[in-house]
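The values are calculated or read from the model by the stated rules, or taken from the named source; none is laboratory data. It should be emphasised that the depicted structure is a prediction, and the values quoted were computed from it without experimental measurement. Please note: Cβ atoms are built from the backbone with ideal geometry, for glycine as well, and neighbour counts cover all protein chains shown. Accessible surface areas use protein heavy atoms only, side chains included; no ligands, DNA or RNA. Shrake-Rupley method; radii C 1.70, N 1.55, O 1.52, S 1.80 Å.
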Amino acid sequence: MTETGTTGGQRQTWTSNRGFILAAIGSAVGLGNIWRFPGVAYDSGGGAFLIPYLIALVTAGLPILFLDYAIGQRFRGSAPLALRRLWRKAEVIGWFQTMLLFIISVYYAAVIAWALSYFYFSFGNKWGSDTASFFVDDYLQASEPGISSELVAGVAWPLALVWVAIIIVLALGIAGGVEKVNVIGIPLLVLGFGALVIRAVTLPGAADGLNALFTPDWGELGNLNVWIAAYSQIFFSMSIAFGIMIAYSSFQRRRSNMTSSGLVVGFANSSFEILAGIGVFSALGFLAHQEGVGVADLEGLTGPILSFVTFPAVISEMPGSALFGALFFGSLVIAGFTSLVSLVVGVSVAIQEKFGLSQRVAAVVVGVVCAVVSFGLFATTTGLFALDTVDMFANNIGVVSSAIAMCVAVVWFARKGDLLRLHLNSVSTFELGKWWLPLIGVFAPVFLLVMMIQKIVDVINNGYEGYPDWYINLFGWGTVALAVIGAIVGTAISWRGRDDPAFRPWPSVDFLEGQKR
Ligand code: PHE
């Protein structure tokens, strides 16, 4: 079957379903699994967190993943093009998602750059004994929340390396670049991280760490914030409602089995997340053991501080520490890089299609623009605070509103929910029943809306991390405003790449209607 893309040529495809699955896992498994999940789970009820987490996976994670897959495979484009083909007015949601990808990619790259530096620092524990002041003062040279144009060389060099590598991978194309990186990277990651977890659970004190993580605090289940944490973790972690999974599945062949692949991806991602929890908390149990304190007394159990302050302290305490450090930071680099690839692919395919560019030109233009912004904001002395604020707003408000808008547009405005269900069932072995529609059409949007309002009220009343108001307005609300403005501008620009008039979704609507069940 020949397929025409917007530029008239043949649409590229993954070389196999395995290639797609690995790339989708590569996108999903990232910094979120290693540095975010363990801390979030610990803070939100420990073992009891697994319940809201699994419920979030089944009621929103997998259903919206399937929605992304269906839109991408059927309408064969990046988020703006595919959503436009689904319903003209939905193009704006696609650009909103594309803006979020752009925003996340510029700070995500900075964290990978830090991990690269720390990979190097592992050889010889260059962070010394005070890992907190090493990270904040010596390495990041962090001043206070503000705006600075002072580049930090130690961050800027590895960051340049990251962006050059990204541009090369993207320029090599979907099968030649993106797929290859994942086919090599994911097995490597599983081996490296697996070795790390095995080492970690055999350390003295590991059991205390695991008890701290898994001992359930059932009372927390009545806390709305715990449920919010579970749902936002699922979204970020599975890379859903960002348009990435739409773009990735647009490169799937038309007959590929989608829902079964989705189950594999979702299961792999959550397994990796739990594995990371086990590895990280075993290591923390070891640290507590060495320091003669309880795990609960340790500080910095989440986010950047967990990976770049607490973990180096663990590593320093260990016999054979260089290897352990290299495995940990090497895993962060690989996991992060394969996710960053997907973030930038999402943006570059959207630009390529809209402007009718060649894939190489789009890759270079998008890569260079992202790199410049990434340098300007995150390789400077104020990078840490900007990153924290932008991350919180892009994820808790940005992607949640994107998911709500997408579900409502598909089910209630375009009225294509059932068609997409029949589409998935016509190519997949795992069939979606009617239950899928109320999940994406009612449950997910309503729940996400409640959750988002709660978060917004919380930020308005309590601020965020004690940052000054002007700072929250600029980097926090400014992030959201930027995504909205970008979405409107993106939609208003006229299509220079032809939205191929000969495009016909496959299988045809008549065929699907005939299959109805
Ligand atoms: N899922 C990735 C992670 O867990 C991050 C990511 C978010 C990637 C959004 C792409 C889009 O770190």
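For this structure, a couple of remarks:
- Averaged over its residues, segment 2-514 has an accessible area of 36 Å² per residue, based on protein heavy atoms and a 1.4 Å probe.
- Sorting Asp499, Asp217 by solvent-accessible area of protein heavy atoms yields Asp217, Asp499, largest first, with a 1.4 Å probe.
- Ranking Tyr118, Ser133, Met99 by Cα position along the charge dipole of segment 86-164, where only Lys, Arg, Asp and Glu carry charges on their C-beta atoms, puts Met99 farthest toward the positive end.
- Hits among lysines - C-alpha to C-alpha of Lys434 under 21 Å, sequence gap 8 or more where chains match: Lys416, Lys516
- Relative packing of 445-453, 55-63, 344-352, which averages over residues the other C-beta atoms within 10 Å, highest first: 344-352, 55-63, 445-453
- Taking packing as the residue-averaged number of other Cβ atoms within 10 angstrom, the listed peptides 456-467, 412-423 run from highest to lowest as 412-423, 456-467.
- Projecting the Cα atoms of Pro80, Val40, Tyr53 onto the charge dipole of segment 8-148, computed from C-beta unit charges around the Cα centre, puts Pro80 farthest toward the positive end.
- Partner aspartates and glutamates for Lys89 [C-alpha distance under 15 Å; skip if fewer than 8 residues away on the same chain]: Asp499
- Grouping the Cα pair distances of the chain into 10 Å bins from zero gives a pair-distance distribution of 4, 20, 31, 27, 13, 4, 0 percent in increasing distance order.
- Cα-based radius of gyration for segment 316-472, normalised by 2.2 N^0.38 Å, reads 1.40.
- Sorted on the mean count of surrounding Cβ atoms within 10 Å across their residues, most packed first, peptides 299-309, 109-119 read 109-119, 299-309.
- Within straight-line reach of Lys180, meaning a Cα separation under 28 Å, sit the following lysines at least 8 residues removed in sequence or on another chain: Lys354.
- Database remark: amide H of Thr380 closer than 5 angstrom to the amide H of Val152 (H placed geometrically; neighbours at sequence offset of 5 or more, or on other chains; Pro and chain starts carry no H).
- Charge tally around Ala212: other residues with Cβ under 12 Å, Lys/Arg +1 each, Asp/Glu -1 each, net -4.
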